[in-house]
Amino acid sequence: MTEKDVVPRTFRALVESADRKFARVRDVPAYGRVHNQHYFQKVFKAYMRLWKYQQENRSRLVETGLNRWEIGEIASRIGQLYFGQYMRTSEARFLVEAYVFYEAILNRRYFEGSKGLGKDLGVRLKELRFYARFLMVSFILSRTDMVNHLLDRFKALVDECKANFRDTNFKEWRQVVQEIVRFIKVDTSFMNARPLRYCATYDSHPASLPYVTRFHAKKVLKFKDALLTSYHRNEVKFAELTLDTFRMLQSLEWEPTGSFYQKRPLESKDNGSFTDHSGASGLIDINLAADMTDPSLPPNPRKAILYRPSVTHLIAVMATISEELPPDSVMLVYLSASGKVGRNVAPTEYMGGSQKLSRNKVHELSSTLSHSCVIDKGESSSGYYDKYLWFGPRGHGGRSFVEFQVIHGAERGEPAALLLSPLRPSFKNPSDADIAQNGSQFTFFLTAPLPAFCQLIGFSNPAAENDVYNEAEEILSSAFSDWEVILLRSTNLDLVWAQVLSDPFIRRLILRSVLSYFCSPEDNEQCLPTCLPSFPNSVSPDSKVVQSAVIRLAKHLKVADYFHFSDS
């Protein structure tokens, strides 16, 4: 072998070795604690060695036929690995690393640079997959400007591929474009100045800190894992991330204080390349992630996301996560599904979009419980089974549903705490009740309470009245602060809630569920959520402290006539 052949052969050997290791970890489930973590370390090490080698020998490799898209493919694989690690661990640094690599691919036009060398379908498909993955990362990081930019380029690439490869069906890619457009339309319909993630600036209330500290002196459970899953038909989604699971995913993470995931820009050179700030990482500045994360924050709870899993798979995943939980830990199960309706009702009346859906959200907080829980079975007077959850696609009666009863003694003796959505939503504008189009009203309240309240009352464009909206945020923040102190000082708070109330994520969900105890125009209890065990009466729908906050907010937004409280 000549000296000239050594570099390309070594490079190809490194590519093959890295790809083999990649195949070993690519399909590892994104739930449960991986016992062969060393394999992930090996594949990262293999790709970093490959990346460094191609940097050090770039000119020789280009002379022997290395294409720019091959460099892009290596960087894309590294980004994919980082994103996979984020999905398994919920560590923000992995998500940021994925963004850094994907952004570098975009800026350096690794895939686009090959277009003049011929129209290679395989390369174009790699580029399409790169855009789809980068869009997902940008969505989760709330990089709205980048999402819009990527979408424009993604649509243009799909159109180009349709024109140049007429024998290939790009229907699936067109559907991906439609999914993204639909997702963006709903996600940006209520521009929320505050992040969905937990931000200490907005979401912590100083008045309650002494009482939170009191809880830490007693036995408390640590929030470690969450399982997020959804079953609604035709709901807004991107890949396997639905609008509701997307909102829950973000609400169960920390927002870097003050930085909002902003990073310093790379310095551009005249030739279009970029200044290397890291010294070791070369063209892609891996260390930029340090500017986009906040090491002072606690770790995020791990989240497993499932889209329309079979019942057996759902239970298996819950059992796996539950089995691995430490004794002092708590698990949250977010289950989104339609209620079981009466057999005499036409299927179209209970599919996504109907106001007649039953208990379509379940939250379960339990250190060991691996069952989804709803009230015991029974048929409501309206002809709907409001004690069931409906799984799977559209059905025609029969046994296509699953029933779980509330279990207050799991296999390890730990009770469960539940937040159940109303039997039906309440909206001023009936069109907003379409779950398939707008997501769950209850989930919206849990993740973005003021936009949810605005949607409830038909306040469609809050961004147009910025001062009004900001003052409404202050009203809500004051109410949450008062309610938090009341809950923490309560002497009759059930032990199940007391053991998890010190966790900021769970405490915020509880406070926001209190806000969702609004009265509908019909004053119908079916529009109220259910809490098991019950909250103290001091924060019940009939309490003065809750009603006064709702009245104040409603008066501020000039919709007081929409709410009817008997004692107000």
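The values are calculated or read from the model by the stated rules, or taken from the named source; none is laboratory data. This is a predicted model, so every value here is computed, not measured. Ideal geometry is used to build each Cβ from the backbone, glycine not excepted, and the neighbour counts take in all protein chains shown. Calculation scope for accessible area: heavy atoms of the full protein, side chains included, ligands and nucleic acids excluded. Shrake-Rupley method; radii C 1.70, N 1.55, O 1.52, S 1.80 Å.
Computed values, structure above
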read-out	value
Of all residues making up segment 300-337, the number that are open to solvent by 10 Å² or more (accessible area, probe 1.4 Å), within 16 Å of the chain's Cα centre (by Cα) and not basic (K, R)	4
Filter result (outside any helix (DSSP H, G or I) and open to solvent by less than 40 Å² (accessible area, probe 1.4 Å)) within segment 540-556	S540, P541, S543
Test: residue in segment 458-468 that is closer than 24 Å to V333 by Cα, open to solvent by 20 Å² or more (accessible area, probe 1.4 Å), at pLDDT 75 or above and in a helix (DSSP H, G or I)	no
In segment 15-49, the residues that are farther than 12 Å from L81 by Cβ, modelled with pLDDT of 90 or more and hydrophobic (A, V, I, L, M, F, W, C)	V15
Subset of segment 108-134 that is open to solvent by 60 Å² or more (accessible area, probe 1.4 Å), at pLDDT 90 or above and in a helix (DSSP H, G or I) - its residue that is nearest to R194 (Cα to Cα)	R133
Matching residues, segment 417-437, being in a helix (DSSP H, G or I) and surrounded by fewer than 22 Cβ atoms within 10 Å (Cβ to Cβ)	P430, S431, D432, A433, A436, Q437
Candidate set: segment 5-24, residues that are over 13 Å from N57 (Cα atoms) and among the acidic types (D, E); chosen: the one most open to solvent (accessible area, probe 1.4 Å)	E16
Helices (runs of 4 or more DSSP H) fully within segment 135-254 counting 1 or more residues that are at pLDDT 90 or above	144-164, 171-187, 200-203, 243-251
Which numbered condition L488 misses (of (1) open to solvent by 50 Å² or more (accessible area, probe 1.4 Å); (2) farther than 13 Å from L553 by Cβ)	(1)
Where R49 falls short, out of the listed (1) outside any helix (DSSP H, G or I); (2) open to solvent by 30 Å² or more (accessible area, probe 1.4 Å); (3) of a type outside the set (D, E)	(1)
Within segment 513-539, considering residues that are modelled with pLDDT of 85 or more and part of a loop (DSSP other than H, G, I, E, B), the one most open to solvent (accessible area, probe 1.4 Å)	S534
Only one of R233, R247, R214, R174 that is within 28 Å of A104 (Cα to Cα) and open to solvent by 70 Å² or more (accessible area, probe 1.4 Å)	R174
Residue within segment 92-104 that is modelled with pLDDT of 90 or more and open to solvent by 40 Å² or more (accessible area, probe 1.4 Å) present	no
